[in-house]
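Novice: Dropping the structure in here first, questions after.
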Amino acid sequence: MDGATFYQGGRKIRVQGLDVREPGMTSEHATQRLQRALDGGSLSVEPVETDASGHLIAVVRVNGRNVADTVRAVTN
């Protein structure tokens, strides 16, 4: 959706620890990086909290690896 948010089962999920405003991350590139990371294997979503808009903030892992770390590593 915006490089830090995606939909799963009709629910909007924001990846904890991922900020699309990080230097070097345009919205389009961030979205592509997130999509590649999510498509990389077995997905797990560990809910942390729900924001004021009702969107789930979660630790998201693919094959046991934190997606936020994976996406940030691509930009560094």
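The values are calculated or read from the model by the stated rules, or taken from the named source; none is laboratory data. Predicted, not measured: the structure shown is a model, and the values here were computed from it. So basically every Cβ, Gly included, is an ideal-geometry build from the backbone, and we count neighbours across all protein chains shown.
Novice: Keeping to segment 35-61, report how many residues are out of contact with any helix residue (DSSP H, G or I) (no Cβ under 6 Å at 6 or more places or on another chain) and either of a type in the set (A, V, I, L, M, F, W, C) or buried (at least 17 other Cβ atoms within 10 Å of the Cβ) (or both).
Specialist: The qualifying residues number 10.
Novice: How many residues, within segment 1-52, are assigned to a loop (DSSP other than H, G, I, E, B) and modelled with pLDDT under 80? Don't jump to the end; show me each part of the working.
Specialist: To start, the set of residues in segment 1-52 that are assigned to a loop (DSSP other than H, G, I, E, B) comprises 1-4, 9-10, 16-26, 39-42, 51-52.
The next check asks that each one be modelled with pLDDT under 80; those that pass are 1-2, 19-26.
Total meeting the criteria: 10.
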